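What follows is a set of notes on a single structure, which appears directly below.
The values are calculated or read from the model by the stated rules, or taken from the named source; none is laboratory data. As the structure is a computational prediction, the values presented were derived from the model and not from experiment. Cβ placement follows ideal geometry from the backbone for every residue including glycine, while neighbour counts extend to all protein chains displayed.
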Amino acid sequence: MLKWFKNFFIDPILNFVYPPVCFLCNQLIEDAKFCVCIKCWSEFKKVEKSSIEFQLLMERFKNDGIIDKFCSLYIFEKDGKFQETIHLLKYKKIKSIGITFGRELGVKIENELGKFDILTAVPLHKLKYRERGYNQVDYICRGISEVSGIEFKNDLIIRTRYTKTQTELTFQERKENVKDAFSVNRKYYELLKDAVVVVVDDVITTGSTVASAGQVLKEAGCKTIYAASVGLASI
Ligand SMILES: [Zn+2]
């Protein structure tokens, strides 16, 4: 269907018959492109440098010596509105949520981490990607790319091992689970020498996954690794 026809005729009729409402609170929203209203979005708990979750993770990163700096947008609380929004992005595949998060995260990266050369994401294993057909982190990175002007390289890191889901695992088990799970795409070797790289994930919990991905980047010659995520969870 022609895009203008949809924009000018179909959408207004649909909006009249089914007015757009917030997925979280059911209040009407002005712009049908957004699925979460401003009020709900403003209720997400922000990650501050003084947040205990942030400080714990920074300490872990410091001990490992892989991730040099880290920033995150919101605290991931079980059954909270933020978790619901992440689920809308991940399982309902509402891409605009990822891009909006990405734009916010891009600003925070610029303010708290500083300049960088390469933008990449924690990848899914290709079997998992095929099964799901979608990696929500790609859309977060698109938003970051818009803000920073740095191109998103979605094939920089390769997941070489199909790892089990981490949700039920302890800290130590998570570390084992993602050990040697990644490699670096050879075609980028030249580019990585002395580079500052940002590795993005949707939610970071123990930091084991992003550190494991960061390790192969450092082995490939990167100078500095930043980690950034939309959500910060604790176990
Ligand atoms: Zn709402």
- Item | helices (runs of 4 or more DSSP H) enclosed by the stretch 3-97 - at least 2 residues per element that are closer than 29 Å to LYS223 by Cβ and assigned by TED's automatic domain parsing to the domain that holds LYS179 | 52-64
- Could you check how many residues of the stretch 66-109 are within 16 Å of the ligand (Cβ to nearest atom) and of a type in the set (Val, Ile, Thr)? 5
- Item | Residue under evaluation ASN63, criteria (1) away from the ligand (no atom under 16 Å from the Cβ); (2) crowded, with 18+ Cβ neighbours inside 10 Å; (3) not acidic (Asp, Glu), criterion not met | (2)
- Item | Among (1) closer than 27 Å to GLY221 by Cβ; (2) touching a Phe, Trp or Tyr at 6+ places or on another chain (Cβ under 7 Å); (3) exposed (fewer than 15 other Cβ atoms within 10 Å of the Cβ); (4) not charged (D, E, K, R), the one test that LEU127 misses | (1)
- Item | Residue count for the stretch 169-191, restricted to those that are among the aromatic types (Phe, Trp, Tyr) and under 17 Å from SER208 (Cα atoms) | 2
- Task: Name the single residue, out of those in the stretch 170-194 being modelled with pLDDT of 75 or more and aliphatic (A, V, I, L, M), that is farthest from LYS115 (Cα to Cα).
- Result: ALA181
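Can you say whether LEU2 is at pLDDT 95 or above and either acidic (Asp, Glu) or more than 16 Å from the ligand (Cβ to nearest atom) (or both), as far as the supplied structure shows?
Answer is no for this residue.
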